[in-house]
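Enquirer: Okay, handing you the structure first.
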Amino acid sequence: MQVLTTPEVVMGRRALALLVSTVLAVPLGPGAAPAAAAEQPTRFSVGEVVDIAPGTRPDDRRLARDALRADLSGERFYFVMPDRFANGDPRNDRGGSAETDRLKTGFDPADKGFYHGGDLAGLRSKLDYIKGMGATAIWMTPMFANRWVQGSGADASAAYHGYWTTDFTRIDPHFGTTQEMRAVITDAHRLGIKVFFDIVANHTADVLDYAEGRHDYLSTATHPYLDRHGNPVDIKAVAGTPRFPDLDPATSFPYTPIFPTPADATAKTPAWLNDPAVYHNRGNSIFSGESDEYGDFAGLDDLMTEDPRVVEGMKRIFTTWIDTLGIDGYRVDTVKHVNMEFWQALAPHVVAYAHARGKKDFFVFGEVFSGDTMVTSSYTTTGRMQAALDFPFQGGALDFLSGKGSRRLAEVLLADDQYTDADSNAASLPTFLGNHDMGRVAWLLREERPGSTEADLLKRIELGNTLMYLWRGNPVVYYGDEQGFAGGGGDKLSRQDMFASKTPEYAEEKFVGSDRTGAQENFVPSHPLYRQLAQLASFVDKDRVWAEGNQTLRLAEGDVLAFSRMTARDQREHLVVANAGAEAATVAVPVGAPGQRFRTEFPGSGDRDSGSGDSGSGGPVSGPDGKVRVTVPALSALVLASTERARAVPPTPTLVPPAVGTPLDDRVEVRADGITAPFAQATFAARVEGSRDWTVLGTDDAAPYRVFADVSGLAGAAVGKKIEYRVVVKDGTARLGADGAAVRLAAAPPPGVPGHGPDWLVVHYNRPAGDYDGWGLHVWGDVAARTDWAAPLPFAGETGYGRFAWVKLKPGARQVGFAVHRGEVKDGGDRFVDPARTPQVWLEQGVETAHADEVSATGKATVHVQRPSGDYGGLVVRTPGLPDVPMTGRDAFGAFAEVPAATVPLPFTVAQGATTVAAGTLTGAAGWVREGAAKVHRSLAAAENHAVIHYSRQDGDYADWTLYHWTGSLRPSPSWAESRPPDGRDGFGVFWSVPLAPGAAGLSNIIHRGEDKDPGADQFLDLAGTGHEVWFASGSARPDGSASYVLPPPRTADADLGAADAVWIDCDTLAWDVPALHTNGYQVRYDPLGRIEIVDGQVRGGQILRLQPGGTLSGDLATRFPHLAGTPVFHVRAADAGRIDDARHVQQAAVHLDASGSLRHATGTRPAG
């Protein structure tokens, strides 16, 4: 929030555990107070809406603003990777090194993963080529000194791309010198070309390692940061504040950071980067949840950007290059992997610094790799960056160009309002069609349209370029696209050489629109795509509407998309109609007013009639219905411009505030309806009752008129207070219209606790004959939606037991009533269940009893066994006190048998005569085991090491829904466009069965159709905490964005602090019979004041001794304590050993958390003897 001196304000966005020793407690000193005891702010919601009479007020003129165009708009970027562009000085190919080993110099032009020789001298020599296609800005990949080679063996590659920085203060010698960079910038400026640096604040090169020798991500829930006194620290709550604690590399982090070699301890510049405490040290990101911000990006050292020292250090780095070289701005890498508070502090500071040095159009934009506009826009509003790369546009444009229709692209345009606030909007977003990560547009289109001809591909690329240049924002052309480069995928496969390549994959490629290959130099101004881009640049330079105009959606119909652009100064409508279909299309497009005459401006110019309609004396005229009829050729776009200014209409807005019950702790829509003027600008503002000052929320100049604003932080906001919203609309003649409304603030309930309490009730139903048609489930009580008797929930899901129906619950549900029926015929009576205690129920046809587990419902359990030999003859299952059961069943896994069971756990042995083949314990209705293995798997998916995801959509439409999967996958998805289609269908919907990498802790995944994700956030299926097989109903998510699975239900924690099931064997070893997994969290909390308790499903209070699994109790200790032999043991981490004495003779609680942070076990402790 930016406070001004004018009346307007601009808003940019306890049971005690047994004692373990007779030693007296050591009192905690003053310095041992928790480092991050953050007070939870009150959440607001709308309690009441109060209407305010429409009409203007004397002070409305001060609120009537123009939509912002202060940041760059209409700039044309050329995105270049210098190493692959032009080699002007072969002497620096090896970075000035006399070595010839590529693993030392990074240089190998025959390998697509190493340096190829491009440099600043080469870039400088090609500035006229860049200027010739109409580019006005160059964005180059990072040029700072990098760690030249990382990885080993087949995984070795070089930092040709520049994203592995070691020294932010100098140019990498592979590219040249600071003086050579200065020469490039000087020459570029002389040609009217701005120069933008690419920079990474999220991470540096991979220099640090971990003493533990592992790199799996460890969450803050399982392995919290600790201050020097052992208090847990929530770094998010204290990010960027003076309360940020002093962290100790030896004791504060989940992993212990180390330098592999002495030289590594001073490898980075500035020197503050060599402090291991300024990194997160949590292991490799799984790219979902908190790991998006805290995890290492494929091993790269992830900076703790929450630390004020990092913020200040990065401010100096960013601003130094403004003074040193006079650059024109930054493209910032991996923005969404950095906490929002960092950007709030850094971005405005850098821009203000540049402005103070005379660079008034300095521009900072970020890479927010997401197709969700709510995500990308949050960094330009809440995060205060000027702009973000427009990934939503890229996804929508690809759908459109691929022949998937215009719907997605239209949605992107309508979502532009999410970027509107008081100091930025969508007009400055850099747009693009492909890039160095996801791949080039030509390859992406080939993937979407296999079998397309080269001529068809060229036309679609040209249409994409046209669309991008006529769209709002700043178009970005990726180097080589103008020469028809396509490549064979993303990442390295999309980073070809412009000079004659020695890389076989690059040299063999034949380019779109040309008969040339990568074996030749390819700076060809006659290439049709180069020529087209130059022509487009010339066209948009003729009218400022393409740089400054608003953009209003007019039509999205099949393969046709139409939108209008208009400026406040000119107020002539420029109508763009694009057709991505293979045939010409005639459409009636709504425009600003009836009787409006148009002339064709593109392609060509003059009075040529573009289609049907009243051509009169030179062009179509909109009819009485306010529509103009246009015929657009296949794979092309037309631009029609109105011959006169739009007719002004007095504005009469109606303000639509957030509805009653809407939470106000995020950006929510505030809308103005009823604005019919062809051109209008609507300024939205808010203030708390009792205040004279308005906070401007933003100005929108295109329908629908709205902003998305978070008003919870307004000064004086409190429960019971009213917030007044106001909209002031200015038409094309500066006439005003206004309206207002107020909302009274109420206290919103606290957000749910992830993993605490079920979201679903699942009712399993078995009909032995399999006749489920027409049978359904009628539900009432604490359910999200009570069913109508005539429309029960179907038993659609399938398991080995039979069918199941799933019921969405209200938060905190404690009683649900249900009845099974078909029409008026009921199977059993009305039944009731407490889903908090029993989230699943098993029913059998004609049986009144409802069971809480499958074993009690059936009286049996199934043992599956697999033998490498395939010899299953004579196998039997033995269970205590019962006769042997022959394993006569066969399936794809091997042999199986059903054994009598009243309950589980149930020990069993699979034997062949006197030989034991396998043994274990059943913990559910079925178990899968392999010969000689100790592990009994609860599902076939687990036994096969697959992740199985079942997916149900209420609309039944599964067309084009695919699964993108990466971390944990045996064969990760090659690209977004090559996501995995469903592996099959079942009664629930569709399903995927993804093979997992050996030892995988889970699977990172996204269900998506194009850029539409379900449920939205990236997901990580935690195998230990959730299981290998899940059932997901579309759109179901918890407050933290993680999927809310229908099955399996959240596991209920075994938590009793009054018990004492964890046993101290010696001063630093605890025996505790819980699963021991290194990705889980184990700790002993201790508090001399006895304040440790369970709150909202989590153990709170106390300081922490961290535990690490140490096998099972054996040797001398097992001899001393035979009743504990074989029990898992946990050792206090060496870093915490100095606080063991502090933990004696005080309240203690042993805590086990799964990898997702959910509580699994909690108990008191006791000594062994």
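Enquirer: Within the group Gly371, Gly366, Gly329, which residue is under 21 Å from Asp437 (Cβ atoms), outside the structural domain of Ile1007 (by TED's automatic domain parsing), touching a Pro at 6+ places or on another chain (Cβ under 6 Å) and surrounded by 19 or more Cβ atoms within 10 Å (Cβ to Cβ)? Full working, then the answer.
Expert: Numbers: Gly366 fails: touching a Pro at 6+ places or on another chain (Cβ under 6 Å); Gly329 fails: touching a Pro at 6+ places or on another chain (Cβ under 6 Å).
Of the residues listed, the single one that is under 21 Å from Asp437 (Cβ atoms), outside the structural domain of Ile1007 (by TED's automatic domain parsing), touching a Pro at 6+ places or on another chain (Cβ under 6 Å) and surrounded by 19 or more Cβ atoms within 10 Å (Cβ to Cβ) is Gly371.
Enquirer: Restricting attention to the stretch 1027-1056, which residues are surrounded by 23 or more Cβ atoms within 10 Å (Cβ to Cβ) and at pLDDT below 95?
Expert: Matches in the stretch 1027-1056: Ala1043 only.
Enquirer: Can you name every residue in the stretch 224-251 that is touching a Pro at 6+ places or on another chain (Cβ under 8 Å) and hydroxyl-bearing (Ser, Thr, Tyr)?
Expert: Tyr225, Thr241
Enquirer: Continuing with the same structure: What about Gln845, is it modelled with pLDDT of 95 or more and under 35 Å from the mean Cα position of the chain (by Cα)?
Expert: Details: modelled with pLDDT of 95 or more: yes; under 35 Å from the mean Cα position of the chain (by Cα): no.
It is false that Gln845 is modelled with pLDDT of 95 or more and under 35 Å from the mean Cα position of the chain (by Cα).
Enquirer: Consider the stretch 658-674. How many of its residues are modelled with pLDDT of 95 or more and surrounded by 22 or more Cβ atoms within 10 Å (Cβ to Cβ)?
Expert: 2
Enquirer: Right, next: Tell me the strands (runs of 3 or more DSSP E) entirely within the stretch 47-152 that contain at least 1 residues that are under 28 Å from Ala388 (Cα atoms) and among the hydroxyl-bearing types (Ser, Thr, Tyr). Let's see the steps before the verdict.
Expert: Working: elements: 77-80, 137-140, 144-146.
By residue number, 77-80.
Enquirer: State all residues of the stretch 454-477 that are part of a strand (DSSP E or B), within 26 Å of Ala634 (Cβ to Cβ) and not hydrophobic (A, V, I, L, M, F, W, C); if no residue qualifies, say none.
Expert: Within the stretch 454-477, the first condition is being part of a strand (DSSP E or B), and the residues that meet it are 474-477.
Subset that is within 26 Å of Ala634 (Cβ to Cβ): 475, 477.
Within the stretch 454-477, just Pro475 meets the criteria.
Enquirer: On the given criteria, is Asp119 over 30 Å from Met566 (Cβ atoms), surrounded by 22 or more Cβ atoms within 10 Å (Cβ to Cβ) and not small (Gly, Ala, Ser)? Steps first, please.
Expert: Values: over 30 Å from Met566 (Cβ atoms): yes; surrounded by 22 or more Cβ atoms within 10 Å (Cβ to Cβ): yes; not small (Gly, Ala, Ser): yes.
The answer is yes for Asp119.
Enquirer: Then there is this: Kindly indicate whether any position in the stretch 244-266 is surrounded by 21 or more Cβ atoms within 10 Å (Cβ to Cβ) and assigned to a helix (DSSP H, G or I).
Expert: No, the stretch 244-266 contains no residue that is surrounded by 21 or more Cβ atoms within 10 Å (Cβ to Cβ) and assigned to a helix (DSSP H, G or I).
Enquirer: Out of the residues in the stretch 1115-1156 that are within 15 Å of Asp1061 (Cα to Cα) and assigned to a helix (DSSP H, G or I), state the one that is farthest from the chain's Cα centre (by Cα).
Expert: Ranking the qualifying residues of the stretch 1115-1156, first place goes to His1123.
Enquirer: Tell me, which residue of the stretch 642-669 that is out of contact with any Gly (no Cβ under 9 Å at 6 or more places or on another chain) and outside any loop (DSSP other than H, G, I, E, B) is nearest to Tyr469 (Cα to Cα)?
Expert: Glu669
Enquirer: Also, quick follow-up: Given the structure, is Ala237 in contact with a Leu (Cβ under 8 Å, 6 or more places away or on another chain) and of a type in the set (A, V, I, L, M, F, W, C)? If you could, list the steps in order and put the result at the bottom.
Expert: Values: in contact with a Leu (Cβ under 8 Å, 6 or more places away or on another chain): no; of a type in the set (A, V, I, L, M, F, W, C): yes.
In short, no.
Enquirer: What are the residue pairs meeting all of these: first residue in the stretch 531-548, first residue closer than 15 Å to Met566 by Cα, second residue among the polar types (S, T, N, Q), Cβ atoms under 7 Å, and 6 or more apart or on different chains?
Expert: Matching pairs, first to second residue: Arg544/Thr567; Val545/Thr567; Ala547/Ser73; Glu548/Ser73; Glu548/Thr567.
Enquirer: Given the structure, is Arg878 closer than 30 Å to Gly913 by Cα, of a type outside the set (Asp, Glu) and touching a Ser or Thr at 6+ places or on another chain (Cβ under 6 Å)? Lay out the reasoning, then the answer.
Expert: Values: closer than 30 Å to Gly913 by Cα: yes; of a type outside the set (Asp, Glu): yes; touching a Ser or Thr at 6+ places or on another chain (Cβ under 6 Å): yes.
Spelling it out, Arg878 is indeed closer than 30 Å to Gly913 by Cα, of a type outside the set (Asp, Glu) and touching a Ser or Thr at 6+ places or on another chain (Cβ under 6 Å).
Enquirer: Take the stretch 650-674 and flag every residue that is within 20 Å of Ala702 (Cα to Cα) and of a type in the set (Asp, Glu).
Expert: Listed by number, the residues that qualify are Glu669, Asp673.
Enquirer: Filter the stretch 719-741 down to residues that are part of a strand (DSSP E or B), hydrophobic (A, V, I, L, M, F, W, C) and within 34 Å of the chain's Cα centre (by Cα), then give me how many there are.
Expert: So in the stretch 719-741, the residues part of a strand (DSSP E or B) come out as 722-731, 736-741.
Next, from what is left, pick out any that are hydrophobic (A, V, I, L, M, F, W, C): 723, 727-729, 736, 738, 741.
Filter once more, keeping what is within 34 Å of the chain's Cα centre (by Cα): 723, 727.
Number of matching residues: 2.
The values are calculated or read from the model by the stated rules, or taken from the named source; none is laboratory data. None of these values were measured; they are calculated from a predicted model. With ideal geometry, Cβ positions are generated from the backbone for all residues, glycine too; neighbour counts draw on all protein chains shown.
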